[in-house]
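Structure record follows, encoded as structure tokens.
Laboratory data are not the source of any read-out in this text; all were calculated from the coordinates shown. Remember, predicted model here, so these are calculated numbers, not experimental data. Note: ideal-geometry Cβ built from the backbone for every residue, glycine included; neighbour counts use all protein chains shown.
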Amino acid sequence: MKRRTRNWMRLDDEQLLDLRLCDLGLRLRGSAVQPRITRLYRELAARGIDFRPHAWLAAEWFSPDGVPGFAVPFYLMHPRLTRLERKMTGVAEGTNANWQMRILRHEAGHALDSAYRLRRRARWRALFGHASRRYAQHYRARPASRHHVQHLGEWYAQSHPTEDFAETFAVWLQPHSDWRRRYAAWPARRKLEYVAQVAAEIGRQRPAVNGLVLVDPLEDNKLTLREHYRRKRRAERRRHRALADGLLRKVFAVGDEARHGAPGAAALLRGMKPGLRATLERRAGADRYAAQQLVRLAIERCEQLKLYQRGSRRVLLPKLRAALVRMARGYIASDELRLRL
């Protein structure tokens with residue numbers, strides 16, 4: 001393993017991308033992440049919970065439904081891989097101690113839910129919703145909502161009932177979080193109190209689901225890093241396109257919804273390109289290249305979706321600018337407009 005490690009560390013990016021994930025020779029034990037998993041176990045013990053979720057290496061962070069454990073991404077095992085992840089995707093999740101612990105607490109919440117089958121409880125469903133609800137490609141966050149805790153950012157607790165529980169558990173588990181004071185006037189406090197109540201109940205119980213099940217472990221992953229990142233970029237493009245299409249459909253009319261003789265949305269955008277680019281540079285922090293690409297993308301999607309102007313330009317233009325700014329922030333954060341495989 002040491003020889004293989006030394007070998008891939010010497011490779012340039014193009015050569016490294018041709019290496020298979022299973023051939024990296026990585027191990028979670030002895031890595032920089034292992035002490036933080038141990039710290040997570042200490043936090044669980046301090047809250048009176050005997051359950052210890054197991055962890056394994058995989059391509060991404062995830063905790064599969066029904067599995068009392070979670071996967072840790074391979075790129076956290078070595079700074080060389082972290083740099084490559086950041087270059088290929090624009091971000092490497094969990095690269096500092098505080099961020100990593102926040103994610104670990106969140107994943108522990110998923111694992112606990114699976115281990116004790118909490119989602120089957122009537123009170124769980126009443127507070128968080130039905131876990132069987134379909135995951136949406138994107139969700140409409142409500143920043144002003146006080147029905148959900150705030151933990152990982154992007155109002156992630158609002159995305160799905162299981163994420164709501166995991167985020168609530170993470171806030172409750174964090175040492176010195178002072179959640180009772182912080183969420184005193186929030187409806188979300190009921191969820192935190194429920195987590196505290198359930199933890200006290202199951203703390204010393206054996207989990208209903210146990211066993212060291214490993215889903216998509218790194219050692220079985222035959223993809224090259226190039227193929228892995230190509231798939232990741234495709235998934236990110238689909239997610240962004242779904243978000244863009246949803247935003248544009250809210251601004252413009254679709255097909256039969258359009259008033260007879262209404263101008264096409266693509267033509268409208270073409271006539272406003274300089275002003276829209278300036279808006280994106282000023283309000284979204286886009287550089288000139290990114291602003292040009294975003295306007296071009298919006299025009300293409302308007303053509304493909306056959307969108308038309310809805311209502312007067314005076315009413316439509318503020319909505320259009322707001323939609324494009326929101327699109328831009330998502331694309332810029334992931335560097336989607338620059339990275340191509």
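How large is log10 I(q)/I(0) at q = 0.07, 0.09 Å⁻¹ when the Debye formula is applied to the Cα atoms of the chain, each weighted equally and without solvent? Rounded to two decimals, the profile gives -0.38, -0.61. Taking amide hydrogens as placed 1.01 Å from N in the peptide plane, the amide H of residue 58 sits under 5 Å from those of 72, 74, 218, each at least 5 positions away in sequence or on another chain. Distance between the C-alpha centres of region 223-296 and region 28-99: 34 Å, rounded to the whole angstrom.
What length, rounded to one decimal in nm, is gained on full extension from residue 232 through to residue 14, with 0.36 nm per residue of separation minus their alpha-carbon distance? The partial results should precede the final answer.
Values: separation 218, 0.36 × 218 = 78.48 nm, distance 1.71 nm.
Net length gain for the segment: 76.8 nm.
Classify region 29-74 as rounded, prolate or oblate, taking a ≥ b ≥ c as the square roots of the eigenvalues of its Cα gyration tensor: rounded when a/c is under 1.5, otherwise prolate if a/b is larger than b/c and oblate if not. Write out the running numbers ahead of the final one.
Numbers: a/c = 2.94, a/b = 1.28, b/c = 2.30.
Oblate shape, in that a/c is at least 1.5 and b/c is the bigger or equal ratio.
Subtract the Cα-Cα distance of residue 145 and residue 313 from 0.36 nm times their separation in residues, and report this length gain in nm to one decimal.
Working: separation 168, 0.36 × 168 = 60.48 nm, distance 3.12 nm.
The span from residue 145 to residue 313 would gain 57.4 nm if fully extended.
What does the C-alpha gyration tensor say about the overall shape of region 225-334? Classify as rounded when a/c is under 1.5, otherwise prolate if a/b is larger than b/c, or oblate. Since a/c reaches 1.5 but b/c is at least a/b, the shape of region 225-334 is classed as oblate.
Taking every DSSP beta bridge that has both ends in the chain, the antiparallel portion is near 50%. Each residue of region 210-226 is assigned a 3J(HN,Hα), and the resulting list reads 9, x, 8, 7, 10, 9, 6, x, 4, 5, 9, 8, 8, 5, 6, 4, 4 Hz, derived from the Karplus form 6.51 cos²θ - 1.76 cosθ + 1.60 (θ = phi - 60°), x at Gly and Pro. The phi-based Karplus calculation (6.51 cos²θ - 1.76 cosθ + 1.60; θ = phi - 60°) puts the 3J(HN,Hα) values of region 177-183 at 6, 6, 5, 4, 6, 4, 9 Hz, whole numbers, x for Gly and Pro.
Starting from the Cα-Cα distance between residue 200 and residue 80, subtract it from 0.36 nm times their residue separation and give me the gain in nm to one decimal.
Working: separation 120, 0.36 × 120 = 43.20 nm, distance 4.23 nm.
Taking 0.36 nm per residue and subtracting the Cα distance, the gain is 39.0 nm.
Quick one: which of 250/319; 232/273; 232/306; 87/232 span more than 19 angstrom between C-alpha atoms? Could the numbers behind the result be given before it?
Working: 250/319 9 Å; 232/273 31 Å; 232/306 28 Å; 87/232 13 Å.
Correct reply: 232/273; 232/306.
Computed 3J(HN,Hα) for region 321-326, one whole-Hz value per residue from the Karplus formula 6.51 cos²θ - 1.76 cosθ + 1.60 where θ = phi - 60°, is 4, 5, 5, 5, 5, 5, glycine and proline marked x. Once both labels are positioned 7 Å from their Cα atoms along Cα-to-Cβ, the gap between residue 125 and residue 296 label points is 5.0 nm.
The charge dipole of the chain, taken about its Cα centre with unit charges on the Cβ atoms of Lys, Arg (+1), Asp and Glu (-1) only, comes to about 820 debye.
Using the Cβ-Cβ distance between residue 212 and residue 45 with R0 set to 22 Å, the FRET efficiency from 1/(1 + (r/R0)^6) comes to roughly 0.65.
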